[in-house]
Every structure is written in C-alpha cells, then in structure tokens.
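Computed from the coordinates by the stated procedures, all read-outs in this text should not be read as laboratory data. In this text the structure is predicted, and so the values were computed from the model without any measurement. When we count neighbours, we look across all protein chains shown, and the Cβ atoms used for this are built from the backbone with ideal geometry, even at glycine.
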Amino acid sequence: MSEYSLDKKSLWLFDVDNTMIRDVDHPNPFSDALNLWNHLLDLGKTPAILTNVGRLSSRQIHSAVTKAGYKVDLDKTFSAGAAAAAYISNRQPEARCFVIGEGGAQEDFIARGLDVTNNPPIDFVAVGADRGMTFAELNFATKMVKEGAVLICISGSRDYPGIYLGTEDVYIGERSIVAAIEDATGVEAVIVGKPLPEIFQATIELLGFTIEESVMVGDNPASDIAGGRAAGMTTILVDRREEDIVPFDAGDLDKTPHIHVKSLDEVLEMF
Ligand SMILES: [Mg+2]
C-alpha cells in the first residue's frame, strides 16, 4: 500500500508516446502499461489519455492506441490539438482560427465549435507540426499575428521522430515553426500542451473528476511530471527509452515525480 493511496485514485491520465506505445508511427504497446491499464479497468477506475501529439486528432490517436490493444473511449482521449481548442474556446467561443497542422488539429478545433478558416479576420493562429506546410501558410500566419491574432503553439516539440510519405526521419516540430513567426513578429506564443498545468486541470474537469483523485503516468519529467505536479496531481514516472524522451521546457516547474518506477508492473503492487 503506497503512501499515496493509489486505491483512492479514480482517474488515471496516461501519456501516449514512450509510455503506452513506442510512438504513434510505431504503435506497439509496452506490456507493463497495458497490464496496468487493464488492471485499472478491472478495479473500476477510469484510465484516460493526455498526449502532447499535436499533428494527429484525438480520433486518430484513439485509433492508434485501440489497435495497440488498449480499451478506451474516444471521449477519454485528448490530443494537444484538443487541449489547444479547449484553451481557445474557453477564452473566445467560436473564434476564427488559422491552423497550421496535418489535419488532426483542424479536426479537434472544428469538433470544439471553433471556426477554422484561411481568411481574415483571424483571432488565433494555432501552429502544430506540419510536414507539408507551405511558405504561403507560414507567411499568412505571420501577417495575421502582426495584425493582432494570438499565436498558439500546439504542444512544444522542437523536433520529433516519425514517418512521413514513407520516410523515417527526425522532423522539425511546431516549436521550431513558431520560432520563425515569433522572430518575424516579435510576438511570443502561448504554448498549449503539457507541461501547462491548465491543460491537466481542464482535462480532469472535462472528465468529471477532481485533482485529488487524479494520477498522471508518463515517461517525461519535463512534460508529464512537471505539469501534472504543478496541477496538483499525483505523478508516476516510468523509465523508458532515453532517446525517445522529447525535450520540453518546463521552466521553473518541479520535475520530481511522486513515484518513480522502472516498470509500471511495480505500480500494480502499490494498491
Ligand atoms: Mg511520452
């Protein structure tokens, strides 16, 4: 029995890449994560997903983890795009948004009731990773920010491994695209994704739970642990492939996990 009373925790938010599966382009599950997930379901707990992947929609991420063997409902799957859509919608419902992305973020924005458009006036420019982005899109985004649109970075990866048009490589992420717009405009972006504590709090609230009964499980101290901890959650860090831990800027947030395990199988013994 853990000092953290894990048996009293009802909502278990899981990171996806390098925690549940290797990554969305290589969706083979980690067996310890799948064991814990199924154990939580057996106990009547609610496991759910909060990922920083911004180039795929919640529906696409749901499809990837379902194929990997996880039983989860679509309404318990949150991408960084869905988090950004919630962030914008909370401030300006039905805002006009110009979205750079591979289609996933656009889908999450539309699902949230935002007006995704390529024409001015634009209230928010939201940028996710987009390996097909054109100069015209980057230039338009820059002009709209110069004219006063709020600049949103959907998650914050400088680069990330993936497969695009059949080629496995490391690709420039949203943080790098946003850096170009920041440099051209002098405007600083709002980074919406883990570790922003508001993302964790909004997700927990949307799922109908309290912070006190929620746990964050992830591989990344700078995103999963720092953000979950700052939001007030109990955090569990699992050791995974070092080279697959995406660098994030956690600022002054505390990256120390409450519980640190080599395998999530250890968590099963803590109930
Ligand atoms: Mg991860």
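Taking a ≥ b ≥ c as the square roots of the eigenvalues of the Cα gyration tensor of segment 158-271, is the shape rounded (a/c under 1.5), prolate (a/b larger than b/c) or oblate?
Details: a/c = 2.25, a/b = 1.40, b/c = 1.60.
The shape class here is oblate.
Determine the calculated [θ] at 222 nm for the chain from helices alone, applying -39500 (n - 2.57) to every DSSP H run no shorter than 4 residues and normalising by the residue count; nearest 500 deg cm²/dmol.
Working: 9 runs with 86 residues, N = 271.
Rounded to the nearest 500, it is -9000 deg cm²/dmol.
For a 31 Å ceiling on Cα separation, which of these pairs sit above it: Lys67/Lys143; Lys76/Lys143; Lys67/Lys262; Lys76/Lys146? Intermediate results must be reported in sequence, preceding the final value.
Numbers: Lys67/Lys143 41 Å; Lys76/Lys143 36 Å; Lys67/Lys262 25 Å; Lys76/Lys146 36 Å.
Violating the 31 Å limit, Cα to Cα: Lys67/Lys143; Lys76/Lys143; Lys76/Lys146.
Just to confirm a number: summing +1 for Lys and Arg and -1 for Asp and Glu over residues other than Ala64 whose beta-carbon lies under 13 angstrom from that of Ala64, what do you get? Don't skip to the answer; put the middle values down first.
Details: positive: Arg22, Arg55, Arg59, Lys67; negative: Asp17, Asp23, Asp25.
Charge balance in the 13 Å sphere: +1.
Counting other beta carbons within 10 Å of each Cβ, put Asp244, Asp108, Asp130, Asp42 in order, fewest first.
On the way: Asp244 16, Asp108 32, Asp130 23, Asp42 8.
In increasing order of surrounding Cβ atoms, one gets Asp42, Asp244, Asp130, Asp108.
Step through the residues of segment 113-129 one at a time and calculate ³J(HN,Hα) from phi using the Karplus curve (6.51 cos²θ - 1.76 cosθ + 1.60, θ = phi - 60°), rounding each to whole Hz and writing x for Gly and Pro.
x, 7, 9, 7, 9, 9, 10, x, x, 10, 8, 9, 9, 10, 10, x, 4
To the nearest 10 degrees, how steeply does helix 80-91 sit against the main Cα axis of the chain, on a 0 to 90 scale?
The angle comes out at about 70 degrees.
Peptides 89-96, 74-81, 177-184: what's the order by average Cβ count within 10 Å, highest mean first? Before the final figure, lay out each step's value.
Working: 89-96: 14.0, 74-81: 23.8, 177-184: 17.8.
Sorting 89-96, 74-81, 177-184 by mean packing, highest first, produces 74-81, 177-184, 89-96.
So how tilted is helix 135-146 from the main axis of the chain? Cα-based, degrees 0 to 90, rounded to 10.
Long axis of 135-146 versus the principal axis of the chain: about 90 degrees.
Before anything else, pin down the relative contact order of the chain: Cα pairs under 8 Å, at least 6 apart, normalised by residue count, whole percent.
Working: 568 pairs, mean separation 52.1, N = 271.
Reported as a whole number, the value is 19 percent.
Hey, what do the phi angles of segment 8-18 turn into as Karplus ³J(HN,Hα) couplings, whole Hz, using 6.51/-1.76/1.60 and θ = phi - 60°, x for Gly and Pro?
8, 8, 9, 9, 10, 8, 10, 6, 9, 5, 6
Listed highest first by mean packing, meaning other Cβ atoms within 10 Å per residue, what order do 120-127, 263-270 come in? Intermediate values should be presented prior to the final figure.
Numbers: 120-127: 22.8, 263-270: 16.2.
Ranking the peptides 120-127, 263-270 by packing returns 120-127, 263-270.
Thr235's amide H: which non-local residues (gap 5+, or another chain) put their own amide H closer than 5 Å, with H modeled 1.01 Å from N in plane and none for Pro or chain starts?
Residues meeting the amide H criterion: Met216, His258, Ile259.
Skipping prolines and chain starts, which residues have an amide H placed within reach, meaning under 5 Å, of the one on Phe78, given they are 5 or more residues away or on another chain?
Close amide H contacts, sequence-distant or interchain: Ile49, Leu50, Thr51.
Taking 0.36 nm per residue of separation and subtracting the Cα-Cα distance, what length does fully extending Asp254 through Asp42 add?
Numbers: separation 212, 0.36 × 212 = 76.32 nm, distance 3.24 nm.
Full extension from Asp254 to Asp42 adds 73.1 nm.
Would you mind checking the tilt of helix 197-206 against the longest principal axis of the Cα atoms of the chain, expressed as 0 to 90 degrees and rounded to 10?
Rounded to the nearest ten degrees, it is 70.
Picking from Ala84, Val150, Phe140, whose Cα lies most toward the positive end of the charge dipole for segment 81-192 (charges on Cβ: Lys, Arg +1; Asp, Glu -1)?
Checking the options against the dipole of segment 81-192, the answer is Val150.
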